Amino acid sequence: MCRAKIHRATVTDADLNYTGSITIDETLLENADVFPYEQVQIVNINNGIRFETYCIPGKRNTGVICLNGAAARLAQPGDLVIILSYSWMSEKKAKKWHPVIIHVNKKNQIIKSKNDNCKAKNSLTIVKKKTYFNV
């Protein structure tokens, strides 16, 4: 099941010489309930490429979305991407499940959230308590 989604984030950097992963602003990770080093799927809206990597927290409130290592060849700064996290769960839980969906503007600031715990509006300031999933 889709557990979390950061919708239409703008790639801010691509670092071919880094050892891999995607760097995501820590505030975005927390609001989307995505854990550091969690596997994520990246969907590049500009070129249609889909790939998996893991995320590492970037500097808070910077809006950083940086593809690292080989993934840097799959997107360029300015590209729009969707970042997805998935989870296995029982059929009973799946029938009631609603993923966390974070919409961001061109600066990767939260503008809309379908997460009852996220209250951020037009800002990257986190004002929610951290929740963890037992799925």
Fill in the blank from the handout: The ³J(HN,Hα) series, computed from each phi in the range 62-72 with the Karplus coefficients 6.51, -1.76 and 1.60 at θ = phi - 60°, rounded to the nearest Hz and given as x for glycine or proline, is 9, x, 5, 9, 10, 7, 10, x, 4, 4, 5
Exercise for the section: Quick one: dipole size for the range 2-114, taken about the Cα centre, charges +1 on Lys/Arg Cβ and -1 on Asp/Glu Cβ, in debye to the nearest 20. Expected result: 560
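FYI, it's all coordinate maths here, none of it is from the lab. What you see is a predicted model; the values in this text were computed from it and never measured. Every residue, glycine as well, gets a Cβ built from its backbone with ideal geometry; the counts of neighbours run over all protein chains shown.
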